[in-house]
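The values are calculated or read from the model by the stated rules, or taken from the named source; none is laboratory data. Since the structure is predicted, the reported quantities are computational estimates derived from the model, not experimental observations. Cβ coordinates were reconstructed from backbone atoms using ideal geometry, including for glycine residues, and neighbour counts include every protein chain displayed. Ligands, DNA and RNA are excluded from the accessible area calculation, which covers all protein heavy atoms including side chains. Shrake-Rupley method; radii C 1.70, N 1.55, O 1.52, S 1.80 Å.
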Amino acid sequence: MTTTTANPSQQPSFGLHRNSFGRLVFSGADGVQHENVIPVRAFPVTAPEGGLSVVSSDGHELVWIDRLEQVAPQARKLIEEELASREFMPEISRIVGVSTYATPSDWTVQTSRGVTTFTLKGEEDIRRLANSALLIADSHSIQFLVRDMKALDKHSRKILDRFL
């Protein structure tokens, strides 16, 4: 089944469906189909509801979407499903403890996906973002989000301060 955008006057017309392998197929206004397309958020952490691109398998932008609400419901559902399968970023709500204040160190954290332990290779793997947010990459390059460092409990902030 192919879906098209909800409001062609604001967004370029396109179709989106899954092929027999479950991959997204994009059909442009010119009728050309692109298989294995990928939706990519412009700012996944700071503005996840903002703009996104649908890019081809070789990384070329096929369409820009200002707001996902502007897309037809069926296409929106396909895009949201694809984004959910690609974006795995547990959100840290509490730092239970660290093995040492030197790196590498093992961190035990409470996340939106449960309690987990990861290894922080170096302090440079903690990246400051806007609005007191942090992005922490573990030794396997899995990104953990601290949405608001100021909202963490005192114990967690104290541990983070040792590494920042």
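Key figures for this structure:
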| quantity | calculated |
| --- | --- |
| Residue within region 64-78 that is buried (at least 17 other Cβ atoms within 10 Å of the Cβ), in contact (Cβ under 8 Å) with a residue 12 or more places away in the chain and among the aromatic types (Phe, Trp, Tyr) present | no |
| Flag if Val54 is in contact with a strand residue (DSSP E or B) (Cβ under 9 Å, 6 or more places away or on another chain) and either within 30 Å of Asn131 (Cα to Cα) or exposed (fewer than 11 other Cβ atoms within 10 Å of the Cβ) (or both) | yes |
| Unique residue being farther than 24 Å from Asn19 by Cα, open to solvent by less than 70 Å² (accessible area, probe 1.4 Å) and in a loop (DSSP other than H, G, I, E, B) when the list is Thr116, Thr103 | Thr103 |
| Residue that is surrounded by the fewest Cβ atoms within 10 Å (Cβ to Cβ) [pool: residues in region 83-100 that are modelled with pLDDT of 95 or more and of a type in the set (A, V, I, L, M, F, W, C)] | Val96 |
| Filtered residues of region 65-78 (kept if closer than 11 Å to Pro39 by Cβ and either out of contact with any helix residue (DSSP H, G or I) (no Cβ under 6 Å at 6 or more places or on another chain) or hydrophobic (A, V, I, L, M, F, W, C) (or both)) | Ile65, Leu68, Val71, Ala75, Leu78 |
| Counted residues, region 141-158 - those being out of contact with any Leu (no Cβ under 9 Å at 6 or more places or on another chain), open to solvent by less than 70 Å² (accessible area, probe 1.4 Å) and either among the hydrophobic types (A, V, I, L, M, F, W, C) or in a helix (DSSP H, G or I) (or both) | 2 |
| Answer from Thr111, Thr46 - the residue that is of a type in the set (Val, Ile, Thr), touching an Asp or Glu at 6+ places or on another chain (Cβ under 9 Å) and either touching a residue at least 12 places away in the same chain (Cβ under 8 Å) or open to solvent by 30 Å² or more (accessible area, probe 1.4 Å) (or both) | Thr111 |
| Per-region count, region 119-139, residues surrounded by 13 or more Cβ atoms within 10 Å (Cβ to Cβ) and in a strand (DSSP E or B) | 7 |
